[in-house]
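Notes follow once the structure below has been shown.
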Amino acid sequence: MARPSRIPSTLAALSAATLLSSAVLAQTTPPAAPAAAPAAAAPAAPEPDWTFTGNLGLYSQYVFRGVSQTNEKPAVQGGFDLGHKSGFYAGTWGSNISWITDATPAASASMEWDIYGGYKGSLPADFGYDLGVLYYWYPGSYPSGYVLPNTTELYAALSWKWASLKYSYSVNNKTFGFPDSRGSSYLDLTANYDVVEKVNDAIGKVTLTGHVGHQWYTGSTNGYSNSNYEYTDWKLGASTEVYGLTVGVFYTDTNANNALYTNPFGRKIADSQVVGFIQKTF
């Protein structure tokens, strides 16, 4: 008769021991802590009610609506803007000029100081609008009988993404020194298109600029129609950001009558110009 094997008994004993130890571990090992919930994202900072910005720039010359204001000499320009989240804004801007004294040495006015305010809003399909008033002030001393060039314009602009169309209308009777000129106006079509968002950590976006505008003048000066001074101007340029500074260059020209826009120094101030600049916004 064969002897009974002890292997099944040994396996049974080992199995029982294993089950017992598992039961003991199950009773003595604390349950694993639940996985920590992901940290909640910090709430976005609320939009401030007011924003305040400033800018300061150095230009190789100051060209306004295609006409050099500094006899093709350098200009320092800067300003401040205050805006409310509702869309209302106000600001001021200034630059050195020479065109008044260049034409009339008896007049002493070396600064243009602009003061403006308005309201901006958005429209469907990426459209926006801007309505406001701008006062051009040329402080200084003038000879008796001089027609002061201080000018007030109302403006309305319609924008779409990177393009804008703006119409400015003079409400005083001495638009930039032209007598009997209430109702003079300027139409401005401008596009600023970013062709590169960012080059590297030092050089930011690259923007191309294109512009065309037309200046109308009403009234007459000593029987000579102010409309003879009307012209179309255009501009092409590019700018980029370098270590927080905006650096750019642009070319500007007009079809103005050079005989009417040549100053006593013989410079055709409404002819083709090239302007380089560096600007800081803060």
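We did not get these values from a lab; they are worked out from the coordinates using the rules stated. Computed from a prediction, not measured in an experiment: that's the story for all the values here. Neighbour counts run over all protein chains shown; Cβ positions are idealised from the backbone, glycine included.
Taking only the C-alpha atoms, wrap a convex hull around the range 172-282 and report its volume per residue in Å³ as a whole number. Mind showing how you got there, number by number?
Numbers: hull volume 14.5 nm³, N = 111.
Convex hull of Cα atoms, per residue: 131 Å³.
Given the DSSP H assignment, sum -39500 (n - 2.57) over each helix run of at least 4 residues in the chain and divide by its residue total; what's the result at 222 nm in deg cm²/dmol, nearest 500? Provide the component values of the computation, followed by the final result.
Details: 2 runs with 27 residues, N = 282.
The helix-only estimate for the chain comes to -3000 deg cm²/dmol at 222 nm.
Arrange D233, D201 by Cβ neighbour counts within 10 Å, fewest through most, would you? Could the numbers behind the result be given before it?
Working: D233 22, D201 7.
So the ranking, lowest neighbour count to highest, is D201, D233.
Translational diffusion coefficient of the range 110-160 at 37 °C, 0.692 mPa s, Stokes-Einstein with Kirkwood Rh over Cα pairs, in µm²/s as a whole number. Can you show the working numbers first?
On the way: Rh = 13.2 Å.
The calculation lands on 249 µm²/s.
Computed from the mean reciprocal separation of all distinct C-alpha pairs, what Kirkwood hydrodynamic radius does the range 50-281 have, in Å? Mind showing how you got there, number by number?
Numbers: mean 1/r = 0.0528 Å⁻¹.
Its Kirkwood hydrodynamic radius stands at 18.9 Å.
To make sure I understand, if each residue's beta carbon is the centre and we count other beta carbons within 10 Å, what order do S110, S181 fall in, fewest to most?
Working: S110 14, S181 23.
Lowest to highest Cβ neighbour count: S110, S181.
When F250, F265, F64 are ordered from fewest to most other Cβ atoms inside 10 Å of their Cβ, what list results? Can you show the working numbers first?
Working: F250 19, F265 10, F64 16.
Neighbour counts put them in this order, fewest first: F265, F64, F250.
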